[in-house]
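J.: My structure is below; once you've seen it, I'll send some questions.
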Amino acid sequence: MNNDVKIQFLGGVEEVGRLAMVLETGDIKLLFEYGMSPGKPPAYPLPAPPVDLILLTHAHLDHSGMIPWLFSQNGQKILTTPLTGEIINLLHKDSIKIAKSEGYASPYSSSDVNEAKKNIIPIEPTQKRKIGHDWEVLFHSAGHIPGSLMFELVGAKKILFTGDFNVVDTRVVKGIKPVDCDILFLEGTYAGRDHPKKREEIEKDLLDKIDEIVKRGGIAILPAFAVSRSQELALVLRNSGYNVWFDGMGKKVSKMFLKHQRYLRSAENLKKALNKINLVHSDQGRKLALKADVIITSSGMMDGGPVLNYMGKLKNDPKSAVLLTGYQVPESNARLLVDKGKLDFYGVKEKIECEVQYYDFSAHAGHGELIEFAKKCNPEKIVLMHSDNREALVEPLKDVAEVYSPKTGEVVEL
Ligand SMILES: [Zn+2]
Ligand SMILES: [Zn+2]
């Protein structure tokens with residue numbers, strides 16, 4: 001039996017986007033994630049070869065966005081949680097719609113999306129499953145968003161693939177602990193950047209700012225990712241007493257969260273939080289929302305969705321403010337707003353008079369947390385992935401293990 005581990009990243013190693021990795025060892029060949037980088041146009045990973053099985057950590061498009069394409073080729077069974085399965089179906093359908101409205105070709109069809117859905121094998125954290133003759137895969141919660149997983153392969157070696165993960169508790173999910181392994185595939189979204197403040201302090205800063213905005217007669221716009229961040233903000237605002245409106249795809253995702261309550265830190269709290277919020281269902285609702293104190297709306301990076309609608313109305317109002325709470329990839333509209341004070345409204349860049357602030361509500365381990373997590377996993381080898389700043393992790397980790405920073409397309413034997 002050949003116990004070498006051969007890997008090839010198809011994308012997403014040197015960037016926080018389009019993650020995909022093929023791993024081959026003994027008699028198994030696996031595909032971890034098959035994401036895309038949303039953008040205009042989106043960026044895709046290299047074509048995936050036929051594999052035995054697809055392992056998907058969580059629903060975010062940079063991990064899941066190209067999975068339907070696999071079903072236009074050589075589809076395979078997908079191991080993921082039932083909640084992730086439901087959310088990706090929604091996101092995939094939406095991606096086809098966005099492609100249409102932006103005028104570029106979708107890499108997959110609606111029937112590929114349906115095929116992907118049919119091929120999901122639902123699994124749960126703490127379960128395990130045999131793959132090939134000599135391997136088992138164990139599923140661990142990743143603490144990133146509800147339903148997110150880390151994969152541990154156990155055979156001749158112990159291999160841990162983190163996906164995106166978080167070590168601190170948030171209002172939505174609980175943080176996670178290290179897993180002992182020989183080879184660690186470590187995400188590095190926040191490589192080189194620490195989260196200087198505690199979650200409670202950040203929440204307080206945000207609420208104080210909203211208070212200031214409301215007192216001066218403005219509206220606080222909270223652009224937020226539909227999956228998990230919008231629900232987290234609803235929870236933060238739960239007892240604030242503000243008139244809060246909620247718009248965009250996050251509404252549907254909230255229902256899915258409540259259907260799969262076991263992945264939530266407190267389904268009861270989320271239910272209560274959503275009950276206190278007004279949901280926008282129509283253009284009339286959108287007009288009413290413009291009289292609100294706070295609007296939580298997608299998309300998080302402001303590249304589309306109802307947020308641009310609201311910004312179109314509020315762009316000249318210096319009393320209102322945009323409060324960003326998520327990661328802004330380079331070239332996203334939210335990044336343009338932070339760097340240049342402008343927003344791109346479907347091809348037309350306009351100056352924004354509103355105040356703009358950023359609050360570090362990350363769902364990822366920060367720099368120091370990544371290092372501590374890696375050390376406690378006690379690996380012999382660490383493969384750095386999913387980061388635009390992997391160099392920042394090489395030096396602090398080189399005394400811990402042998403550190404690899406493979407390039408996209410490069411085949412590496414571990
Ligand atoms: Zn993610
Ligand atoms: Zn990611």
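Read the figures in this text as sums done on the coordinates, not as results from a lab. Owing to the predicted nature of the structure, the values given are computational and were not obtained by experimental measurement. Here the Cβ is made from the backbone with ideal geometry for all residues, glycine too, and neighbour counts use every protein chain on show.
J.: Could you grab the relative contact order for the chain? Cα pairs under 8 Å, six or more apart, rounded to a whole percent.
T.: 18 percent
J.: While we're looking at this one, here's another question. Regarding segment 199-358, what whole-number volume in Å³ per residue does the convex hull of its Cα atoms give?
T.: On the way: hull volume 17.4 nm³, N = 160.
With only Cα atoms used, segment 199-358 gives 108 Å³ per residue.
J.: Note down the Stokes-Einstein diffusion coefficient of segment 275-342 in µm²/s, whole number, using a Kirkwood radius over alpha carbon pairs, 20 °C, and 1.002 mPa s.
T.: Estimated via Stokes-Einstein, D reaches 166 µm²/s.
J.: Please identify, among Lys130, Lys251, Lys315, the residue showing maximal mean-square fluctuation in a Gaussian network model of the chain using a 10 angstrom Cα cutoff.
T.: With Cα springs under 10 Å in the chain, the top fluctuation among Lys130, Lys251, Lys315 is at Lys130.
J.: I would also like to ask the following. How long is the gain from Glu372 to Asp194 if the chain were fully straight, where each residue apart is worth 0.36 nm and the alpha carbon distance is subtracted?
T.: Separation in residues times 0.36 nm, less the Cα-Cα distance, equals 62.9 nm.
J.: Let me ask something else. Taking the Cα-to-Cβ direction at Val348 and at Glu124 and moving 7 Å from each Cα, how far apart do the two end points lie in nm?
T.: In this crude label model, Val348 to Glu124 measures out at 5.3 nm.
J.: At each listed q (0.14, 0.20 Å⁻¹), what is the log10 of I(q)/I(0) that the Debye formula gives for segment 146-291 modelled as equal alpha-carbon point scatterers?
T.: Log10 I(q)/I(0), no solvent term: -0.80, -1.32.
J.: Classify segment 108-202 from the C-alpha gyration tensor, please: rounded if a/c falls under 1.5, else prolate or oblate depending on whether a/b exceeds b/c.
T.: oblate
J.: For segment 50-103, what class follows from the C-alpha gyration tensor (a ≥ b ≥ c being the square roots of its eigenvalues): rounded when a/c is under 1.5, otherwise prolate if a/b is larger than b/c, else oblate?
T.: Oblate, because a/c is 1.5 or more while a/b does not exceed b/c.
J.: A further question follows. State, to one decimal in nm, how far the label point of Glu136 lies from the label point of Asn316, with both points 7 Å from Cα in the Cβ direction.
T.: Result: 6.7 nm between the two label points.
J.: Give me the extension gain from Lys291 to Asn114: residue separation times 0.36 nm, minus the current Cα-Cα distance, reported in nm with one decimal.
T.: The span from Lys291 to Asn114 would gain 59.7 nm if fully extended.
J.: Can you check what the net charge comes to around Lys376, using other residues whose Cβ is under 10 Å from the Cβ of Lys376 (Lys, Arg +1; Asp, Glu -1)?
T.: 0
J.: Continuing with this model, one more query. Can you tell me the convex hull volume per residue for segment 50-209, based on C-alpha atoms, in Å³ to the nearest whole number?
T.: Enclosed volume per residue, from the Cα hull, is 152 Å³.
J.: Which three extents, in angstrom, do the Cα atoms of the chain have along their principal axes, listed largest first?
T.: Largest to smallest, the principal-axis extents are 70, 45, 40 Å.
J.: Where the only charges are on Cβ atoms (+1 Lys, Arg; -1 Asp, Glu), what is the dipole of segment 199-358 about its Cα centre, to the nearest 20 debye?
T.: 600 debye
J.: Ok, one more. Quick one: of Lys287/Lys349; Lys251/Lys340; Lys29/Lys177, which pairs are farther than 26 Å apart, Cα to Cα?
T.: Too far apart for the 26 Å limit: Lys251/Lys340; Lys29/Lys177.
J.: Let me ask you something else. Express in nm, to one decimal, how much length is gained between Asn3 and Ala43 on full extension, taking 0.36 nm for each residue of separation and deducting their alpha carbon distance.
T.: 11.0 nm
J.: Further, regarding this structure: Please give the FRET efficiency for Lys407 paired with Glu331, using the beta carbon to beta carbon distance and R0 = 25 Å, rounded to the nearest 0.05.
T.: Details: r = 21 Å, r/R0 = 0.85.
E between Lys407 and Glu331, to the nearest 0.05, is 0.75.
J.: Report the antiparallel proportion of the DSSP beta bridges in the chain as a percent, rounded to a multiple of 5.
T.: Values: 32 of 67 bridges.
Just about 50 percent of them are antiparallel.
J.: Only loop residues by DSSP count here, and only those with at most 13 other Cβ atoms within 10 Å; note down the chymotrypsin sites (Phe, Trp or Tyr not before Pro) in segment 82-177 that meet that. Don't skip to the answer; put the middle values down first.
T.: Values: sites: Tyr104, Tyr108, Trp135, Phe139, Phe151, Phe161, Phe165; in loops: Tyr104, Tyr108, Phe165.
When the chymotrypsin sites (Phe, Trp or Tyr not before Pro) of segment 82-177 are filtered for loop state and at most 13 Cβ neighbours within 10 Å, Tyr104 remain.
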